[in-house]
1. Against the longest alpha carbon principal axis of chain B, how many degrees, from 0 to 90 and to the nearest 10, is the axis of helix B:90-107 turned?
2. Which residue fluctuates most in the GNM of chain B (Cα springs below 10 Å): B:323, B:262, B:59?
3. Using a 10 Å cut-off around each Cβ of peptide A:360-371, what is the average number of partner chain Cβ atoms that fall inside?
4. Tell me the Kirkwood hydrodynamic radius of the protein assembly as shown in angstroms, computed as one over the mean inverse distance between distinct C-alpha pairs.
5. Give me the distance between the Cα centres of the stretch A:17-66 and the stretch B:194-242, rounded to whole Å.
6. Given a cut-off of under 8 Å on Cα pairs at least six residues apart, what relative contact order in percent is computed for chain B?
7. For the Cα atoms of chain A, what angle does the longest principal axis make with the long axis of helix A:144-157, in degrees from 0 to 90, nearest 10?
8. How many percent of DSSP beta bridges within the stretch A:6-238 run antiparallel, rounded to 5?
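The values are calculated or read from the model by the stated rules, or taken from the named source; none is laboratory data. Given the structure is predicted, the values throughout are model-derived calculations rather than measurements. With ideal geometry, Cβ positions are generated from the backbone for all residues, glycine too; neighbour counts draw on all protein chains shown. In case anyone asks, the SASA skips ligands and DNA or RNA and just uses the protein heavy atoms, side chains included. Shrake-Rupley method; radii C 1.70, N 1.55, O 1.52, S 1.80 Å.
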Amino acid sequence: MKKIQRLEMVDISKSFHGIPANKNINLHVESGEVLGLLGENGAGKTTLMNILYGLYQPDSGDIRINGKNIRIHNPLESISHGIGMVHQHFMLVQNHSVIENIALGYKDTPFFFPKVSIRKKVEAFSKEFNFSIDFEKKIWQLSAGEQQRVEIIKALLNGADVLILDEPTSVLTPQEIAELFSILEAMKKNGHMIIFISHKLDEITQICDRVTVLKKGEIVGHADTSDTDKKALARMMVGRDVIFNINKEKIERGKKVLTVDRVNILGDKGNMAVKDISFSLYRNEIFGIAGVAGNGQRELAETITGIREAESGEILISDKDITNKSPRHIYDEGVSHVPEERIRFGIAPGLHLYDNAILKQHHLDKFSKRMFIRYPRVKDHAKALVKDFKVAAHTINTEIKNLSGGNIQKLILGRETSDQPALLVASHPTYGLDVGATEYLRKQLLDLRRQGSAILLFSEDLEEIFELCDRVAVIFDGEFTGILDADDPRLCDIGMLMAGTKRIDIQDTP
Amino acid sequence: MKIRITDRDHITGLRSLAANIMSLAAGLLAISLIFLLNKVNPIFAISEIFSGSFGSMYGFKETITKAIPLILIGSGLTLAFRAKFWNIGAEGQLLMGAVFSSWIGLNIGPHLPSYLIVPLMFLAGFIGGALWGIIPAILKIRYSINEVICTLMLNYICAEFLTMLIVGPWKGKTRFGFPGTDNLPESAILGLIPGSRIHYATLILALVSAVILTILIYKTRFGYEARVVGENPDAGKYAGIDFLKTSMILMAISGGLAGFAGVGEMAGIHKYLGYPASLSSGYGFTAIIVAWLAKLNPLYAIFSGIFFAGILVGGDAIQISLGLPAATVEIVNGTLLVFLIMGDYFLKHKVTIQFSKQTQGAS
């Protein structure tokens, strides 16, 4: 008999700094059921589950177990209620063995000889659910799939009746995904409930009984997987049938600027993050790469701008080979970069605003003479940027970390575009910004396009993609599932392309 | 009760100064406790320290003498620490400077006049310290070896290497079998301000170095790159900064200045190459605190260098007058460093303590 027969979340709302992440969410899951939680990144799936797991407190709303209201203040309480969570990034000690890691998180581990006492229990679980793991191996010796199983065992051993899986398949091979699913089936028969967070339609329809679709923090639909199809789900996830709004002016594209030819790039975990991607980009053109985060966008952007090396393939800027050249060399060839994590890459937080206004450009003649930085010029430049890009800062002497995210982003965009780059690589330029800043930044990108730059825009925001781009490529699992003109009617299937269930033969016009 | 820690947005210079003074005061309070445990009147002991170092002409001259290596090394460390390169190896870099310069002094010194040999010795000292500093820079950037451990261990290697030289091949004929090289020739010995042990050439070098370093850090491309790397290595990478080059240059400077200090101690005070422990009484470590108290600004290192030199001199004084153990000075220095670092934390963060009667929800 499971402790939890029915788990409900009622009217849950949560906002961060006034930006709502979850709005009046209602959902429930019952014993022996797999609930899919579908949505793009930033839709609020993870926030919602972190509330259930006790990492965040909801602003309003209730969590009910078997009809009774409970409050969860922290993960420990959540575990004692029978809720377990496997995060997207595993929380394991790399240099400890499997059994040690399990003992570490187990509530009844004795102080002495912890491994001996829990080994029997672990082995029983392992047999019941068919985990095949060597318990003496160190975590770093295990594959991602095996590490995930360790996390699942940890949760089950702590009495989890509800298991939350956050994007569980993102790091797995197809074979491992099949194994995971068979474990989940066994758990289901056993009466466990599973909340399965994903943006991949195939998996949702395969493993889930019901699915709830989130978009921008709100539930936009519920469905039984037995009486819906992927197309309907994709439409729900993306929010609408694609609207072609062309209020941007038509401009003939100019000469070719960027050529990416059969590029392969390794990701941080040694997996192939970008597989054989080819495309070209022209003056006066905005080329959008749409897709859910983590499908190779970051690696591709970093390789084009020189931060990461390509395994193979060629990248050309106006016929000059820049493959695996240094970031400074590539910058000097006219490639600017608005990086994905602007705080992490784009600024040196403790330095002055004016120092940050020349990051990457400090070596140029206009900002330095012999070995000295020409600070008077730098300050003038910073003042001009602050004025032109409407950065709200009372002085350019302030440390840049005192600025809001939107203002930092405006400064970065200003800095990166002040030299009229041949190519601007912009990764999620408006992510997390308010409406005003977003509109402003988008307008700047269109201006840049008019002035003759080529822009490579990575975005998860489809509205942004359609508003700005001339052509759109969809990336899934490191490959393009399609490259289409922005007015191609086939783009109404973009949800399917992003989820990897559909492919359109790629014809990149040479 | 709930303790909340938030970042402080604006840190004014005044507040920073106040934090430093308060940390020093709190540190002295903690040291008072240690004095009390030793049954020494803390007020008397602390006033004795400062009157010993700043209260008399003799004491003040000694303080300046000891401030020379502290200013040199401390200002060099501000540069390394700004780039978050934790150079704990200044002691070894100092010794290497002494080794290089003593070779020049002993072998070329007899044949050259003072105005040629002294600059040559300083150059050799700089090169020695710089080479010893560049090793950990390469190891860190190329092979990701932790620089704290690396620089720390290189201290011991250098000390043993120096010992090997003075008991072996470099042992002087005039030492009657005791370890140590012969005395430097007259032309290679640094001039002193009469009536003191202040070797003025090194003192001038220390003050000039602090000024030049300030300009280097705040006005040049290299300083800019070092600060960016220290503030955010990812941004440094994004900005196309060559980490290897930057780290090598900054460690060459940081190590080279420690090498200068080694020349000063060897050719100004001892006049020959002797045991490592007598050449440097832990200046390389004390200078870490000097750099920290200077808020990583080389110009301020002049003042914090003099302050800590005072504690060294005053510490010697109370060892004699109050019969305290030799480790007293180290305890004083260590305690002050801990409090300075804590003060830095409270300067950058705001701690609010809330007493609330929030009850746990039903569970």
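1. Taking the Cα atoms of chain B, the angle to B:90-107 is about 10 degrees.
2. Between B:323, B:262, B:59, it is B:323 that shows the largest mean-square fluctuation.
3. Values: counts 6, 2, 7, 6, 0, 0, 0, 2, 3, 1, 2, 6.
Across A:360-371, the average partner-chain Cβ count within 10 Å equals 3.
4. 31.5 Å
5. Comparing the Cα centres of the stretch A:17-66 and the stretch B:194-242, I get a distance of 52 Å.
6. Relative contact order, chain B: 36 percent.
7. Around 40 degrees separate the two axes.
8. 55 percent
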